[in-house]
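The values are calculated or read from the model by the stated rules, or taken from the named source; none is laboratory data. It should be emphasised that the depicted structure is a prediction, and the values quoted were computed from it without experimental measurement. A quick note on method: Cβ atoms are made from the backbone with ideal geometry, for glycine too, and the neighbour counts reach across all protein chains shown. Areas reflect the complete protein model, heavy atoms only, side chains present, ligands, DNA and RNA absent. Shrake-Rupley method; radii C 1.70, N 1.55, O 1.52, S 1.80 Å.
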Amino acid sequence: LGTPKQERWMYRHRGRLQAAVLLGVGAAFDIHSGRRRQAPRWMRETGGEWLFRLVQEPRRLWRRYLVYGPQFLFFVALESLKLRRFE
């Protein structure tokens with residue numbers, strides 16, 4: 001399903017599933033099956049895997065990394081500064 005669809009699906013179905021924990025695996029299956037390449041080790045270790053993935057799939061991932069990522073950081077800053085509370 002991919003992010004955020006898998007998280008929404010898990011949230012909607014959590015009451016019907018007999019599971020203690022639900023985990024979204026992201027691109028793990030695509031990488032292990034060979035459908036997608038994984039970023040080089042140096043990119044993974046320095047936090048740049050997101051850029052590698054964005055270059056591979058810009059149409060699908062641009063909004064996630066360039067819009068929602070900064071928006072999330074902004075909301076975290078607002079809550080950290082106690083300027084707004086998010087539930």
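State in Å² the accessible area per residue of the chain; use a 1.4 Å probe, count heavy atoms of protein chains only, and round to the nearest integer.
Values: 7640 Å² over 87 residues.
Accessible area per residue: 88 Å².
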Can you compute 3J(HN,Hα) from phi for each residue in segment 75-87, using the Karplus curve 6.51 cos²θ - 1.76 cosθ + 1.60 with θ = phi - 60°, rounded to whole Hz and x for Gly and Pro?
5, 4, 4, 4, 6, 5, 7, 6, 8, 7, 10, 10, 9
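In segment 21-87, which chymotrypsin sites (Phe, Trp or Tyr not before Pro) fall in coil by DSSP and have 15 or fewer other Cβ atoms within 10 Å? Mind showing how you got there, number by number?
Values: sites: F29, W42, W50, F52, W62, Y65, Y68, F72, F74, F75, F86; in loops: F86.
Hits after loop and neighbour filter: F86.
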Report, largest value first, the span of the C-alpha coordinates of the chain along each principal axis, in whole Å.
41, 36, 25
